[in-house]
Amino acid sequence: MAPYSLLVTRLQKALGVRQYHVASVLCQRAKVAMSHFEPNEYIRYDLIEKNINIVRKRLNRPLTLSEKIVYGHLDDPANQEIERGKTYLRLRPDRVAMQDATAQMAMLQFISSGLPKVAVPSTIHCDHLIEAQVGGEKDLRRAKDINQEVYNFLATAGAKYGVGFWRPGSGIIHQIILENYAYPGVLLIGTDSHTPNGGGLGGICIGVGGADAVDVMAGIPWELKCPKVIGVKLTGSLSGWTSPKDVILKVAGILTVKGGTGAIVEYHGPGVDSISCTGMATICNMGAEIGATTSVFPYNHRMKKYLSKTGRADIANLAEEFKDHLVPDPGCQYDQVIEINLNELKPHINGPFTPDLAHPVADVGTVAEKEGWPLDIRVGLIGSCTNSSYEDMGRSAAVAKQALAHGLKCKSQFTITPGSEQIRATIERDGYAQILRDVGGIVLANACGPCIGQWDRKDIKKGEKNTIVTSYNRNFTGRNDANPETHAFVTSPEIVTALAIAGTLKFNPETDFLTGKDGKKFKLEAPDADELPRSDFDPGQDTYQHPPKDSTGQRVDVSPTSQRLQLLEPFDKWDGKDLEDLQILIKVKGKCTTDHISAAGPWLKFRGHLDNISNNLLIGAINIENGKANSVRNAVTQEFGPVPDTARYYKKHGIRWVVIGDENYGEGSSREHAALEPRHLGGRAIITKSFARIHETNLKKQGLLPLTFADPADYNKIHPVDKLTIQGLKDFAPGKPLKCVIKHPNGTQETILLNHTFNETQIEWFRAGSALNRMKELQQ
């Protein structure tokens with residue numbers, strides 16, 4: 001299609017009118033709503049184009065797709081300093097999305113801001129608080145009963161402050177976003193780390209903490225360190241058992257869990273066209289596991305097809321007009337390039353205990369035998385926000401149907417999680433759900449369920465060594481079922497289904513045979529399924545609550561005696577002094593994800609009550625002093641006890657403390673509770689070898705100091721019994737290291753340097769006590 005400027009010229013000639021009239025005509029033609037639910041909020045490709053042209057002229061070079069979308073949303077494109085990996089950008093996102101576990105704290109913070117309405121379209125999605133027990137309908141009814149107080153708070157807060165509310169049972173936030181809100185070129189932030197799912201529809205969708213969401217909902221420019229861009233060039237085409245999931249499993253094996261930190265992963269090349277829109281979403285979704293800021297695909301016919309099938313042909317047509325701005329410029333430069341030939345890519349399975357331990361499916365059985373991992377698969381689980389599309393369910397059903405034809409059912413337990421009410425209703429109508437039940441599956445509620453630890457698992461005892469395979473995105477220790485001995489592997493839904501039928505990791509569906517009920521051997525054929533239903537999607541039940549036009553009389557009640565919700569008190573301001581004699585609460589050994597810092601599962605019910613959820617602070621982290629979890633020395637009593645209890649003791653006695661961490665501290669979820677809890681219990685700084693992006697920002701937002709060793713080897717100089725003094729805060733400035741004096745019990749001292757990534761705005765957050773405190777100061 002012709003670019004915008006050429007369309008303007010043609011209209012000028014055709015209409016013979018002044019330019020302002022032409023602009024008016026074109027603007028009217030391009031007036032397309034962001035979604036069916038917000039008919040008066042329009043897509044602004046014209047503004048994106050204007051900003052891109054300003055930046056392109058300034059930089060004088062071809063732009064990547066990521067740069068076009070990000071720079072197209074700059075608050076001040078003419079004056080914004082732009083340098084990949086260094087400068088902080090001030091951006092104007094198009095919308096905000098929040099899942100119910102993180103929305104509680106986000107909305108509590110927004111209420112504290114005193115603002116009457118959100119400034120951008122925003123939604124809340126109820127998907128995290130539904131525990132998988134026996135099956136979809138019963139589990140959903142139970143969740144509605146147990147979580148009534150929280151759901152009522154979110155519904156009424158949404159109504160009062162202008163936020164759309166998706167009721168429990170509607171589906172997983174990222175599937176709902178893809179079906180209704182994502183579009184090519186959108187800049188969306190979401191309070192969940194897998195928000196990048198929307199990159200499958202050509203948007204820049206970024207996971208953030210609740211405080212970031214509050215900034216955007218308050219109409220404040222959102223700050224993001226200018227991302228580097230990693231290009232992944234895809235050649236060839238997917239076929240056979242190889243699926244889109246294998247692309248990201250392969251990339252995770254290459255880049256590891258921190259290889260994408262500070263970068264957007266941009267897929268391009270001729271191989272892109274062989275991947276469905278929902279397959280691209282799968283790849284972008286799991287990009288969170290490599291630490292990437294987000295991932296994105298260029299606009300193509302697959303996206304157009306998906307938009308049309310989900311009732312958004314008007315957006316597809318508009319995207320066609322602006323297509324030049326929704327693909328990378330020829331000759332654009334990436335900071336790193338990875339090339340994957342899809343013709344050669346084999347089915348992969350990653351794990352256990354980390355999503356970047358990649359194995360071809362053909363090899364994993366042999367590796368498991370060598371490593372002593374259990375070969376027998378206890379449970380196969382398909383679905384989650386990563387792999388719950390119509391195509392995913394169809395390919396899994398195609399595998400199951402072959403097994404049924406030979407009289408077989410799953411040897412392992414088998415569960416299915418539909419991504420949304422629309423997916424559930426459509427796979428029921430088209431027979432996929434029944435096929436998956438017939439092979440032995442249980443269809444769970446349209447929710448996150450076991451993927452985030454919402455699983456009332458009964459088939460094993462805690463501490464029992466076992467293996468599960470899932471089509472999820474994350475497999476940290478204890479994540480799915482709170483059992484540290486569960487060896488969780490992630491792979492594609494069709495491979496999960498095949499392995500659940502075989503019941504063992506030593507089965508390779510590409511080469512191995514199964515024995516049918518009649519005693520005859522047979523081999524599963526590679527699954528084939530439609531990427532989209534042949535008829536329209538069945539929307540199922542209506543689960544959306546529009547915010548009222550007039551919310552004047554709307555009340556939002558939080559009981560002072562509630563155990564689920566708690567209004568927030570502002571954190572204390574910095575006292576203007578250096579932080580002296582900080583006690584070390586814990587020196588963490590090895591991997592410390594947000595699951596280690598603030599566990600999910602049964603703790604999700606306290607996500608709206610800061611004091612109660614703080615009782616899970618760092619209970620999963622391994623203490624280097626004794627090699628145990630949730631056991632640290634109290635420096636005063638010299639007794640070992642739980643981490644939260646020790647932190648509360650220090651807070652009660654006015655002892656400020658610090659955490660010492662290892663590499664990529666805080667990887668995983670976007671949950672800001674992992675930053676709120678240490679701040680609430682008296683923490684002042686977190687000192688590590690390196691941080692995951694979202695967690696580092698969350699710590700800054702809550703007035704904590706995330707600091708890194710200038711020399712990573714200095715990690716070894718600090719011992720749990722030492723005390724630390726952080727100096728240089730009176731002259732705290734961007735790029736200027738701080739000093740840390742280590743005071744050993746024998747009276748000796750040594751000084752090391754600590755780096756930080758604070759900019760001027762973030763330093764103001766620290767001085768005010770938190771970003772929210774600073775917002776209130778500016779309002780006054």
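The values are calculated or read from the model by the stated rules, or taken from the named source; none is laboratory data. Quick caveat, the model's predicted, so the values are computed rather than measured. So basically every Cβ, Gly included, is an ideal-geometry build from the backbone, and we count neighbours across all protein chains shown. For accessibility, only protein heavy atoms count, side chains too; no ligands or nucleic acids. Shrake-Rupley method; radii C 1.70, N 1.55, O 1.52, S 1.80 Å.
Hey, among Ile416, Ile442, Ile423, which residue is open to solvent by less than 40 Å² (accessible area, probe 1.4 Å), aliphatic (A, V, I, L, M), in contact (Cβ under 8 Å) with a residue 24 or more places away in the chain and within 30 Å of His596 (Cα to Cα)?
Working: Ile442 fails: open to solvent by less than 40 Å² (accessible area, probe 1.4 Å); Ile423 fails: within 30 Å of His596 (Cα to Cα).
Exactly one of Ile416, Ile442, Ile423 is open to solvent by less than 40 Å² (accessible area, probe 1.4 Å), aliphatic (A, V, I, L, M), in contact (Cβ under 8 Å) with a residue 24 or more places away in the chain and within 30 Å of His596 (Cα to Cα), namely Ile416.
Does Arg457 meet the test of being open to solvent by less than 10 Å² (accessible area, probe 1.4 Å) and either within 26 Å of Val399 (Cα to Cα) or over 18 Å from the mean Cα position of the chain (by Cα) (or both)?
Details: open to solvent by less than 10 Å² (accessible area, probe 1.4 Å): no; either within 26 Å of Val399 (Cα to Cα) or over 18 Å from the mean Cα position of the chain (by Cα) (or both): yes.
No: the conditions fail for Arg457.
Of all residues in the stretch 552-602, count the ones that are among the charged types (D, E, K, R) and modelled with pLDDT under 90. Steps first, please.
Step one: of the stretch 552-602, the residues among the charged types (D, E, K, R) are 555, 557, 564, 569, 572-573, 575, 577-578, 580-581, 587, 589, 591, 595.
Within this subset, residues satisfying the condition of being modelled with pLDDT under 90 are 557.
Going through the stretch 552-602 one residue at a time, the tally reaches 1.
Quick check on the stretch 688-736: of everything there that is within 26 Å of Gly259 (Cβ to Cβ) and polar (S, T, N, Q), which residue is farthest from the chain's Cα centre (by Cα)?
Across the stretch 688-736, the extreme among qualifying residues is Asn716.
Just a yes or no: is a residue in the stretch 225-232 in a strand (DSSP E or B), in contact with an Asp or Glu (Cβ under 6 Å, 6 or more places away or on another chain) and charged (D, E, K, R)?
Scanning the stretch 225-232, I find at least one residue that is in a strand (DSSP E or B), in contact with an Asp or Glu (Cβ under 6 Å, 6 or more places away or on another chain) and charged (D, E, K, R), so the answer is yes.
Name the pairs: first residue in the stretch 333-353 and farther than 23 Å from Arg479 by Cβ, second residue small (Gly, Ala, Ser) and outside any loop (DSSP other than H, G, I, E, B), Cβ to Cβ under 6 Å, at least 6 apart or on different chains?
Tyr334/Gly231; Val337/Gly231; Leu342/Gly271
Which of the residues belonging to the stretch 732-780 are assigned to a strand (DSSP E or B) and more than 23 Å from His695 (Cα to Cα)?
Of the stretch 732-780, the ones assigned to a strand (DSSP E or B) are 738-743, 749-755.
Across the stretch 732-780, the qualifying residues are Val741, Ile742, Lys743, Gln749, Glu750, Thr751, Ile752.
Looking only at residues in the stretch 647-663 that are open to solvent by less than 10 Å² (accessible area, probe 1.4 Å) and either of a type in the set (Val, Ile, Thr) or in a loop (DSSP other than H, G, I, E, B) (or both), which one is farthest from Thr294 (Cα to Cα)?
Within the stretch 647-663, the subset open to solvent by less than 10 Å² (accessible area, probe 1.4 Å) is 647, 650, 657-661.
Those left that are additionally either of a type in the set (Val, Ile, Thr) or in a loop (DSSP other than H, G, I, E, B) (or both): 658-661.
On the way: Val658: 30, Val659: 28, Ile660: 28, Gly661: 25 Å.
Of everything passing the filter in the stretch 647-663, Val658 is farthest from Thr294 (Cα to Cα).
Under 7 Å between Cβ atoms, at least 6 apart or on separate chains: pull out the pairs that start in the stretch 289-308 with a residue that is farther than 17 Å from Gly203 by Cβ and end on any residue that is in a strand (DSSP E or B) and not small (Gly, Ala, Ser).
Close Cβ pairs (under 7 Å, with a partner that is in a strand (DSSP E or B) and not small (Gly, Ala, Ser)) amount to Gly291/Thr261.
Would you point out the residue of the stretch 721-751, among those that are more than 15 Å from Leu579 (Cα to Cα) and among the hydrophobic types (A, V, I, L, M, F, W, C), that is surrounded by the most Cβ atoms within 10 Å (Cβ to Cβ)?
Out of the qualifying residues, it is Val721.
Restricting to the stretch 44-94, count the residues that are β-branched (Val, Ile, Thr) and either in contact with a Pro (Cβ under 6 Å, 6 or more places away or on another chain) or open to solvent by 10 Å² or more (accessible area, probe 1.4 Å) (or both). I'd like the intermediate steps shown before the answer.
Let us first name the residues in the stretch 44-94 that are β-branched (Val, Ile, Thr), namely 48, 52, 54-55, 64, 69-70, 82, 87.
Narrowing further to those that are either in contact with a Pro (Cβ under 6 Å, 6 or more places away or on another chain) or open to solvent by 10 Å² or more (accessible area, probe 1.4 Å) (or both): 48, 54-55, 64, 82, 87.
Qualifying residue count for the region: 6.
Within the bounds of the stretch 100-112, is there any residue that is open to solvent by 10 Å² or more (accessible area, probe 1.4 Å) and more than 21 Å from the chain's Cα centre (by Cα)?
Yes.
Collect the residues in the stretch 573-600 that are loosely packed, with under 13 Cβ neighbours inside 10 Å, out of contact with any Ser or Thr (no Cβ under 8 Å at 6 or more places or on another chain), more than 30 Å from Pro450 (Cβ to Cβ) and touching a residue at least 24 places away in the same chain (Cβ under 8 Å), keeping them in residue-number order. Spell out how you get there, then give the answer.
Keep residues of the stretch 573-600 that are loosely packed, with under 13 Cβ neighbours inside 10 Å, which gives 575-577, 581, 590.
Filter once more, so that each one left must be out of contact with any Ser or Thr (no Cβ under 8 Å at 6 or more places or on another chain): 575-577, 590.
So of that shortlist, the ones also more than 30 Å from Pro450 (Cβ to Cβ) come out as 575-577.
The answer is Gly576, Lys577.
Restricting to the stretch 485-529, what's the tally of residues that are basic (Lys, Arg) and under 15 Å from Pro347 (Cβ atoms)? Write out each step before concluding.
Our first condition is that a residue be basic (Lys, Arg); within the stretch 485-529, this holds for 506, 517, 520-521, 523.
Still in the running and under 15 Å from Pro347 (Cβ atoms): 506, 523.
Residues meeting the conditions: 2.
Can we say Arg29 is open to solvent by 80 Å² or more (accessible area, probe 1.4 Å) and either polar (S, T, N, Q) or modelled with pLDDT of 50 or more (or both)? Explain how you work it out, then say what you get.
Details: open to solvent by 80 Å² or more (accessible area, probe 1.4 Å): yes; either polar (S, T, N, Q) or modelled with pLDDT of 50 or more (or both): yes.
Yes: the conditions hold for Arg29.
I need every pair where a residue in the stretch 524-549 that is within 15 Å of Arg395 (Cα to Cα) has its Cβ under 6 Å from the Cβ of a residue that is open to solvent by 20 Å² or more (accessible area, probe 1.4 Å) and in a loop (DSSP other than H, G, I, E, B), sequence separation at least 6 or different chains.
Cβ pairs passing all conditions: Ala526/Gly240.
Please pick out the residue among Ile275, Ile377 that is within 24 Å of Cys410 (Cβ to Cβ) and aliphatic (A, V, I, L, M). Give the derivation first.
Working: Ile275 fails: within 24 Å of Cys410 (Cβ to Cβ).
Going through Ile275, Ile377 in turn, the sole match is Ile377.
Inspect all residues belonging to the stretch 80-91 and state whether any of them is under 21 Å from the mean Cα position of the chain (by Cα) and closer than 29 Å to Cys448 by Cα.
The answer is no, given that none of the residues of the stretch 80-91 is under 21 Å from the mean Cα position of the chain (by Cα) and closer than 29 Å to Cys448 by Cα.
Restrict the check to the stretch 266-274 and report whether at least one residue is open to solvent by 10 Å² or more (accessible area, probe 1.4 Å), modelled with pLDDT of 95 or more, among the small types (Gly, Ala, Ser) and part of a helix (DSSP H, G or I). Please lay out each step first, then the result.
Going residue by residue through the stretch 266-274, those that are open to solvent by 10 Å² or more (accessible area, probe 1.4 Å) are 268-270, 273-274.
When the remaining residues are screened for being modelled with pLDDT of 95 or more, the result is 268-270, 273-274.
Retained after the next criterion (residues that are among the small types (Gly, Ala, Ser)): 269, 274.
Checking which are part of a helix (DSSP H, G or I) leaves us with 274.
Checked the stretch 266-274: at least one residue is open to solvent by 10 Å² or more (accessible area, probe 1.4 Å), modelled with pLDDT of 95 or more, among the small types (Gly, Ala, Ser) and part of a helix (DSSP H, G or I).
Please find, within the stretch 471-485, the residue that is nearest to Lys591 (Cα to Cα) out of those that are open to solvent by 10 Å² or more (accessible area, probe 1.4 Å) and not basic (Lys, Arg). Talk me through it step by step, then tell me what you get.
In the first step, residues of the stretch 471-485 are kept if they are open to solvent by 10 Å² or more (accessible area, probe 1.4 Å); the result is 477-479, 481-482, 484-485.
Now narrow it down to the ones that are not basic (Lys, Arg): 477-478, 481-482, 484-485.
Details: Thr477: 10, Gly478: 13, Asp481: 19, Ala482: 17, Pro484: 14, Glu485: 16 Å.
The qualifying residue nearest to Lys591 (Cα to Cα) is Thr477.
Only residues in the stretch 448-467 that are touching a residue at least 24 places away in the same chain (Cβ under 8 Å) and of a type in the set (Val, Ile, Thr) count as the first member; pair them with residues that are open to solvent by 40 Å² or more (accessible area, probe 1.4 Å) and outside any loop (DSSP other than H, G, I, E, B), Cβ under 9 angstrom, at least 6 apart or cross-chain, and list the lot.
Close Cβ pairs satisfying both conditions: Ile460/Arg378; Thr467/Asp376; Thr467/Arg378.
Just to check your reading of the model, which residue among Lys506, Lys549 is more than 23 Å from Trp455 (Cβ to Cβ), at pLDDT below 95 and part of a loop (DSSP other than H, G, I, E, B)? Break it down into steps so the answer makes sense when it comes.
Numbers: Lys506 fails: at pLDDT below 95.
Result of the check over Lys506, Lys549: Lys549.
With respect to Ala281, is the statement that it is over 19 Å from Lys346 (Cβ atoms) and buried (at least 23 other Cβ atoms within 10 Å of the Cβ) true? Reasoning before the result, please.
Numbers: over 19 Å from Lys346 (Cβ atoms): yes; buried (at least 23 other Cβ atoms within 10 Å of the Cβ): yes.
When the stated conditions are applied, Ala281 passes them.
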